[in-house]
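The structure appears below as structure tokens.
The values are calculated or read from the model by the stated rules, or taken from the named source; none is laboratory data. Just so you know, these numbers come straight off a predicted model, no measurement behind them. Cβ: placed from backbone, ideal geometry, glycine included. Neighbour counts: every protein chain shown.
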Amino acid sequence: MSPQYCEVALPVPLRSTFTYEIPQRLAESVCAGSRVLVPFRNRAMVGVVLDTAARRPDPARIKQIREIVEALDPVPALPPKLLELGGWVSNYYVAPIGEVLRAMLPPQIDLRHEREYVLTDAGRAWRAELDAASNRSESEIAELALLSLLEIEGRPVRADRLRKLPGGEAAAERLLRRKQLESREVAIHRQARVQRIVAWNVTYSAAGGPANDAQGAPPLPEKELRVFHILAEERGPLPLPQLAKLAKVSRPLVERMIREEKLHCWEEPLPVEEDFFDADYTPPSNILNEDQQRELGVIREWLATGQFATGLLYGVTGSGKTEVYLGAVEAALARNKTALILVPEIALTLWVGRLCRARFGAGVAVLHSALPEVERAREWWRVRRGDARVVVGTRSAVFAPVENPGLIVVDEEQEGSYKQEETPRYHGRDVAVVRAKLEGAVAILGSATPSLESYHNAGLGKYQLLHLDSRVENRPLARVEVVDLREDFRTTHRASPVSSRLEEGLRERLEQGTQALILINRRGYSWFVLCRSCGAAVQCENCSISLAYHKQRQRLECHYCGYSRRVPEACPKCNSEHVYFFGAGAEQLEEKLREKFPNAKVARLDRDSVRTKKAYQQVLGDFATGKIDMLVGTQMVAKGHDFQGVTLVGVIAADAQLSLPDFRAAERTFQLLTQVAGRAGRGRLPGEVLVETYSPEHYAIQLAVRQDYLSFFEKEVQFRRLLHYPPFTALASVLVRDTKIENAIRWSRQLSGFLAPYESRGVKVMGPAAAPLARLKREYRFQFLLKAPKRAQLTRALSELLGFAEQKEIPQKAVLVDVDPLNLF
Ligand code: ADP
Ligand code: ZN
Ligand code: ZN
């Protein structure tokens, strides 16, 4: 007998799954991994089938079982291995399985959700009563109109239609409350997208059109003649917009010709748009050097065994790691396997995608969150069907539905962007390794500054270490110099974001005609606004953070919640006029550079100066081709890019991160500086890096200057061991938040009481304490940190904690669990 029941995971923040009945007509098309449309409360939802069964579940446990409405996939969207991976993610990150699976699915483009209203018996009675009444209030008139429409239609009516009636919205609310109306959500299939194709009508020609002017038909006007030439002589049938463009005629003219039957017209499904990569791109044809060949050889051997292995490819910046990845992909494809390459940001997907396309042809898919949904869905299904065998993407591409992957690459594995900062809060690198293990694949994690966790794992033998020791063609690493800002102030007596040493360096490059990159980690003009009379910083209304001044827009803005206000003329607290702006941001730096170097071409790249992807690529493109002399940028430009003409990199306020209350502050500073240094001297010209700081003696800065990763690792790892931080302990953060501080405190107390006994079971609980960012987006935030020497203890405590919160009816969104948190704010 075929299965009649199934367990479905729904995208709701609940940690349970739901049982549904499979109607006979769908018996063939429902199996584990398929997406199904089901009723849930009064909504229609898309869920994923986890499991099917022939027996009715215990009626004592489940009272009412509803039926699946529709099966959405001819082939299950999620293959078995991905379901298994989803289960792991759900368990490890203590995240609801439905929300995990939703993150794995393609965007839902074929279904649209709509709310509709249904008349109840009470509603019918109320209509009759209103109808008979001799005088009616304004709101009753609105209600009557609404009810009458429903009655006349005789079937459910879409909510937006009823709301458009005068007073409709409020009337609907009242009727719903009085149960005279019911609302429910339905899913509606979207029409497949079609395009109109036009062709010349041969019968028209025969009846005396231009093809047959001997019969004396009036000659076609010039524009129509052009249409005729293109359709009948040059090209054949064409999509309507394309024809209009080619023939240089308006669309209404083409429409008229269709009506006059000079043209035929029909609809065809929209073809997939091909090729958003440049077709004429030729990748560099590098001959692998000895180091690259040796390490690629090792990876090939792993691939040959067909067994799980993880390699940590530690290679200095510019050592040619990309070539090793591509060689490994080639080797995986040759074994009839597929490959996945993860990169830390969207711009790099385009770059690496293009390299792969040039090398492996059309079977390359690119997946990232900034793609329009339609395109992302199309790429996703291309992968699922097996048409694309190489996938390049950002974090979520770790869930790409490739079958039988042989290789998973994680480039710049130390990057924080691999961690998702919303549920499910997974780390793309760690999921990549687990996925490789499930699939018997090889994982390659690449970095010039491996995360402490990964290098430690290499030491433990969990990962195998692969080395690229020098830059390609033995280009020297950039020379790094520290500029002590205290010293600079003592000699110049002014605090400027551009020290005299940096200014001198920039002047040299300008004279030489080479380029400079200047990094600053703050947006805006000044990042701090302070009243000198009362000492108060101007803070955000919603967050415990000071507002940044944006000069061009003449606003103070919060970079956390987007709140903005007019620039105050006087202190909002004490009304003093002595309001001052402190701390130079990117906007100010750009201005200062323009002042100092009026002849230089200065540009800025941050979220304020470029708002679209196109503008962003334009600026990067102009910099790459040498049209810009000095580029000011935030972290956005520090990573991965390969600019050949840069000989100087300046880093402003390199120590900005060091003062943050975060145990990873030193590691992040070290990584950033090393990465930045890697941007200089990548071409044939040697590079120099100037690091401006007020704490030149800090070991993170000192060792970054020497580009001495190993010493940094040794030092930092000792410190982590002593203080019981990762990788020596499993860490999780639990944040309790609410707009009402009383709630946040009360819930924190409850959770604290629940967690107390865990101390004796090996879980150290710190907190609750006000989170470093004590208020964010109007919510008050309290934080616990949980540490356990054994992972299983931590997972268990967290899972039980969430169960307790549910039982105490603490709202789901008030308790935020982050396993292996990267960001402790
Ligand atoms: P990274 O290790 O920093 O990721 P890349 O992979 O970006 O380094 O390579 C840096 C540059 O070196 C690129 O321009 C690349 O084309 C070039 N390159 C890589 N391998 C070789 C090689 N064997 N010979 C010459 N140039 C190479
Ligand atoms: Zn004041
Ligand atoms: Zn804010």
- prompt: If we keep just the residues of segment 438-486 that are under 28 Å from Pro727 (Cβ atoms) and among the acidic types (Asp, Glu), which is surrounded by the most Cβ atoms within 10 Å (Cβ to Cβ)?
  reply: Glu439
statement: Quick count over segment 554-576, residues being free of Cβ contacts under 8 Å to residues at least 12 places away in the same chain and either closer than 10 Å to Gly524 by Cα or near ligand 2 (Cβ under 10 Å from one of its atoms) (or both), is 2
message: Out of Tyr580, Tyr560, Tyr525, I need the residue that is within 30 Å of Val646 (Cβ to Cβ) and more than 16 Å from ligand 1 (Cβ to nearest atom). Which one?
response: Tyr525
- prompt: Which one of the conditions (1) more than 19 Å from Val610 (Cβ to Cβ); (2) of a type in the set (A, V, I, L, M, F, W, C); (3) out of contact with any helix residue (DSSP H, G or I) (no Cβ under 8 Å at 6 or more places or on another chain) does Ala600 fail to meet, given that it meets all the rest?
  reply: (3)
query: Within segment 319-374, can you find the residues that are farther than 30 Å from Asp469 by Cβ and more than 15 Å from the chain's Cα centre (by Cα)?
result: Asn336, Thr338, Arg357, Gly361, Ala362, Gly363, Val364, Ala365, Val374
- request: Can you work out which of the residues in segment 361-370 that are buried (at least 17 other Cβ atoms within 10 Å of the Cβ) and in contact with a helix residue (DSSP H, G or I) (Cβ under 7 Å, 6 or more places away or on another chain) is modelled with the lowest pLDDT?
  value: His368
query: If you scan segment 316-345, which residues turn out to be of a type outside the set (Val, Ile, Thr) and either within 16 Å of ligand 3 (Cβ to nearest atom) or surrounded by fewer than 22 Cβ atoms within 10 Å (Cβ to Cβ) (or both)?
result: Gly320, Glu323, Gly327, Glu330, Leu333, Ala334, Arg335, Asn336, Glu345
query: Can you tell me which residues in segment 788-810 are surrounded by 13 or more Cβ atoms within 10 Å (Cβ to Cβ) and over 14 Å from Ser752 (Cα atoms)?
result: Ala788, Pro789, Arg791, Gln793, Leu794, Thr795, Arg796, Ser799, Glu806
- request: Scan segment 302-311 and give yes if some residue there is touching a strand residue (DSSP E or B) at 6+ places or on another chain (Cβ under 9 Å), within 13 Å of ligand 1 (Cβ to nearest atom) and among the β-branched types (Val, Ile, Thr), otherwise no.
  value: no
- prompt: Where in segment 134-178 are there helices (runs of 4 or more DSSP H), lying wholly inside it, with at least 1 residues that are of a type in the set (Phe, Trp, Tyr)?
  reply: none
- request: Name the residue, out of Val38, Val75, that is in contact with a strand residue (DSSP E or B) (Cβ under 7 Å, 6 or more places away or on another chain) and among the hydrophobic types (A, V, I, L, M, F, W, C).
  value: Val38
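Under the condition of being assigned to a loop (DSSP other than H, G, I, E, B) and surrounded by fewer than 15 Cβ atoms within 10 Å (Cβ to Cβ), which residue from segment 537-555 is farthest from ligand 3 (Cβ to nearest atom)?
Looking at residues that are assigned to a loop (DSSP other than H, G, I, E, B) and surrounded by fewer than 15 Cβ atoms within 10 Å (Cβ to Cβ), I get Gln552.
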query: Would it be correct to say that Phe581 is closer than 22 Å to Ile652 by Cβ and either under 28 Å from the mean Cα position of the chain (by Cα) or within 16 Å of ligand 3 (Cβ to nearest atom) (or both)?
result: no
task: Restrict the check to segment 577-588 and report whether at least one residue is within 16 Å of ligand 2 (Cβ to nearest atom), in a loop (DSSP other than H, G, I, E, B) and of a type outside the set (Phe, Trp, Tyr).
output: yes
- request: Count, please, the residues in segment 556-575 that happen to be in a strand (DSSP E or B) and either among the small types (Gly, Ala, Ser) or surrounded by fewer than 16 Cβ atoms within 10 Å (Cβ to Cβ) (or both).
  value: 3
message: of a type in the set (A, V, I, L, M) and either in contact (Cβ under 8 Å) with a residue 60 or more places away in the chain or more than 28 Å from Leu658 (Cβ to Cβ) (or both): is that true of Leu785 in this structure?
response: no
query: Can Phe308 be described as within 16 Å of Ala441 (Cα to Cα) and among the hydrophobic types (A, V, I, L, M, F, W, C)?
result: yes
message: The conditions are (1) within 17 Å of the chain's Cα centre (by Cα); (2) buried (at least 18 other Cβ atoms within 10 Å of the Cβ); (3) touching a residue at least 60 places away in the same chain (Cβ under 8 Å), and Thr394 fails exactly one of them. Which is it?
response: (3)
